[in-house]
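Shown next, in structure tokens, is the structure this report addresses.
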Amino acid sequence: MLGASRRSLCAGAAARRHAAAFAVSGDAAAAAASPSPSLSPSAPPRSVRMCDIDCMVTNPDPGVSRLGGKRLLSVLAAPKLNGVESLSSLKLRESALVGRRYESSAAAVDSSDAPPAEKFEYQAEVNRLMDLIVHSLYSNKEVFLRELVSNASDALDKLRYLSVTDPDLLKDGPELDIRIQTDKDNGIITITDSGIGMTRQELVDSLGTIASSGTAKFLKTLKESQEANVDSNLIGQFGVGFYSAFLVSDKVAVSTKSPKSEKQYVWEAEAESNSYTIREEKDPEKLIPRGTRLTLYLKRDDKGFAHPERIQKLLKNYSQFVSFPIYTWQEKGFTKEVEVDEDPAEVKTGGDGEPKKEVKKKTKTVVEKYWDWELTNETQPIWLRTPKEVSTEEYNEFYKKTFNEYLDPLASSHFTTEGEVEFRSILYVPATKKEDITDRKTKNIRLYVKRVFISDDFDGELFPRYLSFVKGVVDSNDLPLNVSREILQESRIVRIMRKRLVRKAFDMILGISCSENRDDYEAFWENYGKFLKLGCMEDKENHKRIAPLLRFFSSQSNEELISLDEYVESMKPEQKAIYYIAGDSLSSAKNAPFLEKLNEMGYEVLLLIDPMDEVSLTNLNSYKDKSFVDISKEDLDLGDKNEEREKEMKQEYSQTCDWIKKRLGERVARVDVSNRLSSSPCVLVAAKFGWSANMERLMRAQSIGDTSSLDFMRSRKVFEINPEHEIIKRLNAACRINPDDPEALKAIDILFETSMISSGFTPDNPTDLSGKIYDMMSTAMAGKWASQPQPAQPSQQPASPSSSEPEPLEAEVVEPVEAGQQK
């Protein structure tokens with residue numbers, strides 16, 4: 001209880017000081033200076049948000065005030081540089097600091113003769129709001145800069161809008177820009193805009209109250225979301241704008257000057273305080289001609305935000321395309337040559353006999369450093385330009401810079417959608433795949449609202465998962481500047497945007513497939529083919545857009561991928577369906593026995609060798625009024641039925657089919673005469689509504705634990721025999737002569753189990769099958785290639801001495817000798 005009470009008190013203090021700051025600054029300023037309803041300027045300002053305060057700040061201590069049409073630049077005055085003649089070429093707008101570091105005087109105290117400040121209490125609802133902001137809502141603190149810069153842009157928009165009918169509003173300076181200066185040593189950030197500013201009464205009415213900005217509704221929505229235990233990272237969700245400054249600040253000061261007032265006023269509040277003060281600015285060094293200067297005194301842990309490089313990085317990420325120029329105070333340098341004197345050296349002697357001294361002068365390059373304003377943002381986003389004005393090189397350069405890519409995209413699409421919902425977008429297809437198909441979250445789509453970056457963290461709100469590889473930017477004027485994931489999911493505008501983005505993405509991919517360079521789409525399919533197959537499973541509404549983009553191997557494509565359009569164009573006139581078969585490899589699918597009859601008829605068959613192929617076609621059902629037919633399942637109709645012939649075959653082999661069924665028992669549902677075989681004796685086909693052999697193999701491979709679900713979906717097979725094959729004819733004879741012959745029954749078992757292998761199934765007992773095959777081989781080879789008895793050699797009788805034949809002479813054996821040797 002005590003802890004909760006203490007947190008509540010802190011929350012109230014924070015709320016009162018934060019809400020006062022910027023809650024209604026923009027609203028009040030617009031209300032006080034709004035033109036008559038009859039005026040219709042060409043470019044109305046951006047809608048005012050709850051915390052719009054038409055102020056943002058440049059330098060805490062402006063160095064040189066340039067009234068009467070000139071712009072206040074910086075409090076940092078540079079000393080005069082001696083010996084530097086090229087400073088003008090550096091285009092220093094007001095001053096340069098060379099070789100020294102000059103710190104901001106933002107922390108300087110007001111002069112002692114300043115009038116006392118008036119103290120005000122925060123409104124109760126603001127207390128609650130600020131407590132939520134500081135202690136609960138924000139986990140991404142860096143977005144405070146986006147909110148404050150957006151408020152400054154709103155203030156400039158209002159001034160530009162009102163100046164159309166009242167040009168005197170710009171008398172103090174026509175320049176409309178935002179300037180941000182940091183003091184990293186003291187942890188101070190100042191943001192200055194030359195916008196509409198506020199009067200004292202507008203400060204009282206706006207800061208510290210909720211007015212009609214809709215915060216009460218925000219508090220109610222937040223409470224409901226917390227009760228529902230949803231994501232409470234509400235940065236950029238409900239227009240809390242100015243109050244986000246207290247995420248990183250212990251103290252906030254708002255100094256503002258309205259063109260309708262002769263005086264400049266300062267609003268100040270500290271952290272953990274329930275009040276704020278308003279006083280008149282009397283320090284002449286801190287006066288500004290027009291606009292608002294916001295000074296943030298950072299917390300100890302957040303002083304890292306005061307580094308110029310950090311600010312510049314955040315601006316490039318969130319506010320790069322704000323319509324007004326944003327300048328940051330940056331340290332720069334330039335090189336120059338300086339002379340270096342060396343000791344005099346004696347050279348040749350003159351005519352008078354005295355040595356002539358000559359000084360050798362050398363130069364070296366040094367870097368002179370100074371501080372100056374640097375433009376940080378690009379005021380003209382590429383997507384706001386007409387597509388005809390943008391070259392392919394510009395599109396590719398923007399893609400590489402935005403998404404940190406090094407290869408040109410395969411394709412891009414730049415379009416504007418008008419009508420019910422208006423937005424602009426540029427989409428790209430990357431050349432290489434970086435995301436896995438299982439990744440649900442990507443940062444490939446950058447959402448902008450009125451050119452202010454909102455988020456790139458989406459989970460299917462703008463693109464479905466199967467198109468998550470598409471990269472691009474989307475800029476909408478119809479979405480609120482503060483968008484949460486809950487708002488995106490429930491917004492009707494977002495649903496319309498999603499449909500149009502998906503349609504444009506398909507048009508872009510179709511353009512690649514129609515390219516004359518076939519290699520482009522082959523590269524696309526290699527990277528993103530699985531994504532499109534996933535789309536067949538998840539997005540039924542876009543089947544007609546996905547199907548033409550699919551690619552498969554076929555029995556007649558010579559190992560080249562073909563589209564469904566190419567398949568349909570090459571179909572035989574009498575062919576009624578698109579035939580396919582699934583396998584684990586291209587070779588096994590192409591040589592499966594199911595294709596024998598179709599190959600004879602000249603029918604092309606799609607070969608599905610990817611695990612996702614079969615599921616994709618199953619979800620498509622048909623294409624151009626042609627249904628998909630799996631040739632490995634029962635009841636295959638090839639359109640060539642000869643009813644009389646089939647009837648004769650069934651009558652002749654009906655007894656054999658019953659005999660085989662009796663032998664196989666429950667292993668098959670039935671035995672039929674096949675119409676799909678020509679050279680194989682038999683084949684095992686799946687039931688019409690069961691798993692194919694390929695699907696059964698895949699499901700078995702990924703099942704975990706209990707396999708009862710596999711038994712439920714695993715269909716009973718149909719054993720089909722080829723009546724034209726010699727083996728089946730002999731079995732038919734065996735059935736009629738001696739159905740109980742063990743050799744015939746053994747042949748049936750071997751036929752069934754070998755047909756399981758050739759049809760893509762796995763035998764229940766491979767060892768038993770191999771044993772039977774070995775026995776058959778032994779029987780078949782019995783008596784063949786056996787060892788033959790050697791023929792008897794005739795006995796040699798010694799010759800009788802009375803033989804008249806002369807005695808054969810013995811041949812002399814001469815042994816070979818090497819050259820040079822004597823025998």
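Some observations on this one:
- Checked against (1) of a type in the set (G, A, S); (2) open to solvent by less than 10 Å² (accessible area, probe 1.4 Å); (3) at pLDDT below 65; (4) touching a Leu at 6+ places or on another chain (Cβ under 8 Å), G187 meets all criteria but (3).
- The range 688-714, subset open to solvent by less than 20 Å² (accessible area, probe 1.4 Å) and not in a helix (DSSP H, G or I), residue modelled with the lowest pLDDT: G690
- On the stretch given as the range 412-439, residues that are of a type in the set (G, A, S) and in contact with a helix residue (DSSP H, G or I) (Cβ under 6 Å, 6 or more places away or on another chain) total 2.
- Some residue of the range 251-269 being open to solvent by less than 40 Å² (accessible area, probe 1.4 Å), farther than 20 Å from S206 by Cα and assigned to a strand (DSSP E or B): no
- Within the span defined as the range 428-438, every residue fails to be part of a strand (DSSP E or B) and within 27 Å of D157 (Cα to Cα).
- Filtered residues of the range 732-754 (kept if assigned to a loop (DSSP other than H, G, I, E, B) and hydrophobic (A, V, I, L, M, F, W, C)): none
- Verdict on I757 being assigned to a helix (DSSP H, G or I), open to solvent by less than 80 Å² (accessible area, probe 1.4 Å) and either in the same structural domain as I609 (by the TED database) or among the β-branched types (V, I, T) (or both): no
- You will find that of V204, V149, the residue that is surrounded by fewer than 21 Cβ atoms within 10 Å (Cβ to Cβ), hydrophobic (A, V, I, L, M, F, W, C), in a helix (DSSP H, G or I) and in the same structural domain as I288 (by the TED database) is V204 and no other.
- Residue check, S413 hydroxyl-bearing (S, T, Y) and in contact with a Leu (Cβ under 8 Å, 6 or more places away or on another chain): yes
- Flag for W373 being aromatic (F, W, Y) and closer than 30 Å to V338 by Cα: yes
- Test: S468 is at pLDDT 80 or above and touching an Asp or Glu at 6+ places or on another chain (Cβ under 7 Å): yes
- Checking K597, K650, K626 one by one, the residue that is in the same structural domain as F689 (by the TED database) and of a type in the set (K, R) is K650 and no other.
- Scanning the range 412-437 for residues that are surrounded by fewer than 20 Cβ atoms within 10 Å (Cβ to Cβ) and of a type in the set (G, A, S) yields G419, A431.
- Qualifying residue in the range 550-563 (condition: open to solvent by less than 30 Å² (accessible area, probe 1.4 Å) and modelled with pLDDT under 90): yes
- In the set (1) open to solvent by less than 20 Å² (accessible area, probe 1.4 Å); (2) modelled with pLDDT under 90; (3) within 30 Å of Q181 (Cα to Cα), the condition left unmet by L462 is number (3).
- Filtered by the rule that a residue be within 12 Å of L467 (Cα to Cα) and among the charged types (D, E, K, R), the range 529-558 gives K530, K533, E538, D539.
- Among the criteria (1) polar (S, T, N, Q); (2) within 22 Å of S150 (Cα to Cα); (3) at pLDDT 90 or above, the one S244 does not fulfil is (3).
- Sole exception among (1) open to solvent by 20 Å² or more (accessible area, probe 1.4 Å); (2) at pLDDT below 90 for L638, by number: (1)
- Residues that are open to solvent by less than 10 Å² (accessible area, probe 1.4 Å) and part of a helix (DSSP H, G or I), drawn from the range 315-324: L315
The values are calculated or read from the model by the stated rules, or taken from the named source; none is laboratory data. Here the structure is a predicted model, which is why all the values come from computation and not from measurement. A quick note on method: Cβ atoms are made from the backbone with ideal geometry, for glycine too, and the neighbour counts reach across all protein chains shown. Each accessible area value is taken on the protein alone, full model and side chains, heavy atoms only, with ligands, DNA and RNA left out. Shrake-Rupley method; radii C 1.70, N 1.55, O 1.52, S 1.80 Å.
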